[in-house]
Structures are given as structure tokens and as C-alpha cells.
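Take a look at the structure set out below.
The values are calculated or read from the model by the stated rules, or taken from the named source; none is laboratory data. What you see is a predicted model; the values in this text were computed from it and never measured. As a convention, Cβ positions derive from the backbone with ideal geometry for all residues, glycine included, and neighbour counts pool all protein chains shown.
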Amino acid sequence: MKKLAFLLACCAVTSTLFAQDPAQLKKEGSEAFNAKNYTVAFDKFSSYLQQTNNQDSVVAYYCGVAAYSLKKYPEAVTCFDVAIQKKFQLANAYARKALALEAQQKTDEYLATLEEGLKVAPTNKAMVKEYCTYYLKAGVAAQKAGKEEVAEESFKKVIAFDNPTYKKQALYSLGVLCYNDGAGILKKAAPLANADADKYDSEKQRADGRFKEAVDYLTQAAVVAPDDANIKTMLGQVKAAMK
């Protein structure tokens with residue numbers, strides 16, 4: 001028992017001797033970060049946060065930046081969560097956390113983080129870009145797969161933002177989608193023109209409803225981008241189909 005007690009005492013003394021001062025860890029981590037030595041910065045900052053019970057939101061944020069640079073994505077998420085909880089660099093912390101989740105292909109968490117972050121900072125360029133780009137691509141992919149309803153909902157998520165580039169793309173895509181839907185309805189209804197006039201009229205009204213939606217979306221797109229020739233051409237095509 002005496003030998004065991006002595007061994008434990010030695011271990012305790014050794015741990016104390018090798019534990020670095022938190023202030024020194026923070027200083028060395030900051031110097032390494034500024035020198036873009038993210039490996040050392042991450043190690044120093046991580047040790048500092050561990051010793052200080054994750055109370056320093058500034059260090060947590062920059063530790064997350066270092067972790068992301070080193071592709072330590074789970075660690076980056078943890079660090080950015082600390083920054084978010086303590087409201088340090090809130091918008092950027094959400095944006096960077098989202099990127100770390102995307103890198104891990106955690107799509108649901110990635111989108112949830114963006115949505116949560118955009119409630120706090122609705123004009124943050126990084127988050128707006130991530131969110132709108134994701135749903136524009138998702139809309140195009142759904143459209144190619146024949147999932148028009150999914151595509152439509154995806155594009156509608158984008159038009160909620162005032163960014164001219166993304167809004168124009170989403171409005172134009174919605175206009176084309178509604179036009180194609182209306183044209184498809186008319187094509188299927190064509191054989192009914194003589195066989196069942198009432199049914200044909202009902203389907204034509206449904207098609208016209210979709211054409212009107214297309215005109216509305218394209219008109220909004222033209223306001224956002226008045227010089228876009230594609231929008232003008234498409235708008236004329238839809239109006240012609242309604243005659």
C-alpha cells in the first residue's frame with residue numbers, strides 16, 4: 001500500500017509540473033494563430049479551454065477556426081457552439097459551424113444551423129450564400145428528377161431573400177417551372193378538346209392558372225433584373241401560351 005500511495009503521489013506531482021499556465025497557453029496559441037500555425041494554435045487553445053472550462057468565447061471561436069483549417073470538423077463545431085452560446089461573433093460562428101457540418105455531410109444539421117443563424121443575422125452574406133446556393137441546386141436537381149413540387153418549394157425558400165442574384169435565379173426558375181407545368185397540362189388535355197369539352201375547359205383553366213403564376217414570377221424577376229434578355233423572352237413565351 002505504501003508503494004502504491006507513493007506512486008500515486010509521484011503521478012500527481014508530475015501532472016502538476018507538466019500542466020501549463022492557462023495565460024501562457026492562451027498567449028502561445030494566439031501567437032501561433034497569428035502566424036497561421038494552426039496545428040500549434042489548436043493544441044494550445046484546446047488545452048487552455050479544457051483548463052478554463054470553455055469559458056473564453058474568443059479563444060473558443062479562434063480555436064474553431066484553427067480546427068476547421070486542420071479539417072478537424074467535429075472539434076470545430078464544438079468550439080463554434082461555445083462562441084454561439086456566449087454570443088461572440090454570432091453570425092460568423094453560425095456560418096462557420098454550418099460549413100463544418102457541411103464538410104461532415106450532415107445536411108440536416110447544416111441547414112438547421114443556417115436557418116437558426118439567419119434568424120439572428122438575416123443579411124449575413126456567408127449564410128445567405130450557403131442557404132440560397134443549396135436550395136437553388138436542390139431545386140434544379142428535383143426538377144431534373146421530375147419532382148416538381150419539391151423543386152418549387154426549394155426555389156420559394158430562396159425568393160425570401162433580397163439578394164438580387166439568387167432572387168432572380170429563383171424567380172426565373174419558378175417562372176419556367178410553372179410554365180412547363182401549364183404546358184404539360186395542356187398537352188395531356190389536347191385529346192379532350194373534341195371528346196370531352198367540359199373536361200378540356202377545366203384542364204385549360206388549370207393550365208392558365210399555372211401560366212398566370214409563371215407571369216407573376218417572371219414579372220418579379222424582371223423588376224430585379226430589368227436588362228435580363230432571358231427573362232423577357234420567357235415572359236413573352238408564357239403570355240403567348242395564354243392566348
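Summary of computed values
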| quantity | calculated |
| --- | --- |
| Candidate set from the stretch 65-86 (those that are surrounded by 18 or more Cβ atoms within 10 Å (Cβ to Cβ) and among the small types (G, A, S)); member that is nearest to the chain's Cα centre (by Cα) | A76 |
| Among the candidates L192, L177, L235, residue that is of a type outside the set (D, E, K, R) and modelled with pLDDT of 95 or more | L177 |
| Verdict on E31 being among the acidic types (D, E), in contact with a Cys (Cβ under 9 Å, 6 or more places away or on another chain) and modelled with pLDDT of 95 or more | no |
| Positions within the stretch 217-242 being free of Cβ contacts under 8 Å to residues at least 12 places away in the same chain, within 37 Å of the chain's Cα centre (by Cα) and under 16 Å from V176 (Cα atoms), in sequence order | A229, K232, T233, G236 |
| Leading residue by the ranking (surrounded by the fewest Cβ atoms within 10 Å (Cβ to Cβ)) among those in the stretch 155-196 that are part of a loop (DSSP other than H, G, I, E, B) and over 31 Å from the mean Cα position of the chain (by Cα) | P191 |
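Here's the yes/no breakdown for (1) within 19 Å of the chain's Cα centre (by Cα); (2) among the small types (G, A, S); (3) at negative phi; (4) not in a helix (DSSP H, G or I):
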residue: Q50; (1), (2), (3), (4): no, no, yes, no
residue: N54; (1), (2), (3), (4): no, no, no, yes
residue: C63; (1), (2), (3), (4): no, no, yes, no
residue: F88; (1), (2), (3), (4): no, no, yes, yes
